[in-house]
Amino acid sequence: MTLRVLAAMSGGVDSAVAAARAAEAGHDVTGVHMALSSNPQSYRTGARGCCTLEDSRDARRAADVIGIPFYVWDLAERFHHDVVEDFVSEYAAGRTPNPCLRCNEKIKFAALLDRALALGFDAVCTGHYARLDGGVLRRGVDAGKDQSYVLAVCTPEQLAHALFPLGDTAKADIRLEAERRGLQVADKPDSHDICFIADGDTRGFLAERLGEAPGPIVDTDGNKVGEHEGAYAYTVGQRKGLRLGTPAPDGRPRYVLDISPVSNTVTVGPRESLDVREIMGERPVWLDEAPAGPFDCDVQLRAHGEVHPCTVDDHGDALRIRLDAPARGVAPGQTAVLYRGDRVLASSTIAEAARLPA
């Protein structure tokens, strides 16, 4: 069936090949580049970030080679409100957000998709490495590039209007295909880190927006062992950059165990104190019907992170996830994604994690 497809083209190799594959499949494809920065020179340094004038021009050249219409849509204000401001407020609240998930949830499969459907398009096509099989979201075959985790926040209704043409192909083969198709972005470096922090300095980015807020760093007994300039600059599991004035009695490294924005306190302790066995997730998004009663599955707690066998209880507006073996460094604000094999079952935002005694 021929579809009217809006291809989101970032200016990179993945989205260019995805658009080319959609057009080659016989769909009526239109390319669109999302302008996400009001100052497009500020979001890239080398391979960091995206959304610059360079990226827009690369996307346009790719659309010309493919032979599809191309437009630039200004979504900078929506991106700033829904992704950048959310990122800052989450860190201010002592949580650790994932802006890529938020961008998929609020921009690509909300703002962009809503506008596409309003204009009569049937689907949005992206260069994500994931597969859709009869409405079921599955991992991409390239385990190193699989992006099903960051897509798990999308609803079944949104995924019903999505195309992921790259999910059955390895990244190395995508670059070779781009070269065969004459796409100049074939060798363009992948963007990485947080796209709106071009220099990679998250601490500096947050400090500029939240200001200095000095406070104590304490051990698990409440003893002050150092000072910080803002609790927002820390995340659970962090070891480097703590600048502790008092070494641990046993001389071992210490890690961030907890961040309390109310008391402006950062708590540190031994590595084994990071172990958690139970996680509470809020605002679950089910991609399939929620099973009745407790059920066994796997959970992934960060992008490209380890998969943990677990048992899940669905409480409607919350999930209780009990791990078969402890996981380490689980932070509120991150996302827990449930899998059965390569199939995505649900996602949920981590509200709290119960640590084991050291």
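The table below gives the values:
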item	result
Extension reserve of the residue 57-residue 71 stretch, reckoned as 0.36 nm per residue once the Cα distance is removed	3.9 nm
Exposure proxy ranking, count of Cβ atoms within 10 Å, fewest first, for 280, 9, 34	280, 34, 9
Net length gained if the chain between residue 114 and residue 25 were fully extended (0.36 nm per residue, minus Cα distance)	29.7 nm
Principal semi-axes in Å for segment 17-161 [√(5λ), Cα gyration tensor, largest first]	24, 21, 15
Order of 317, 14, 74 under a 10 Å beta carbon neighbour criterion, fewest first	317, 74, 14
Proximal charge balance of residue 137 [Cβ under 10 Å; K/R count +1, D/E count -1]	+1
Relative contact order %, the chain, counting alpha carbon pairs below 8 Å whose residues are six or more apart	16
Span from the segment 49-92 Cα centroid across to the segment 185-246 one, whole angstrom	26
Set of lysines with alpha-carbon distance to residue 224 below 29 Å, sequence-local pairs under 8 removed	240
Environment charge of residue 168, counting only residues whose C-beta is closer than 14 Å and scoring Lys/Arg +1, Asp/Glu -1	-1
Ranked list, fewest to most other Cβ atoms within 10 Å of each Cβ, for 128, 81	81, 128
Net charge, residue 255 excluded, C-beta distance under 13 Å - Lys, Arg +1, Asp, Glu -1	+3
Stokes-Einstein D (µm²/s) once Rh is taken as the Kirkwood radius of the chain over alpha-carbon pairs, at 20 °C in 1.002 mPa s	99
Student exercise, the chain dipole from Lys, Arg, Asp, Glu Cβ charges, in Debye to nearest 20	560
Pairs of Lys in segment 93-197 closer than 21 Å at Cα, counting only those 8 or more apart or on different chains	4
Listed peptides 112-120, 296-304 by packing density, highest first (mean Cβ within 10 Å)	296-304, 112-120
Highest-MSF residue in the chain out of 31, 281, 204 [GNM, Cα springs under 10 Å]	204
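Each value in this text was obtained by applying a stated rule to the coordinates, not by laboratory testing. Since the structure is predicted, the reported quantities are computational estimates derived from the model, not experimental observations. Ideal geometry is used to build each Cβ from the backbone, glycine not excepted, and the neighbour counts take in all protein chains shown.
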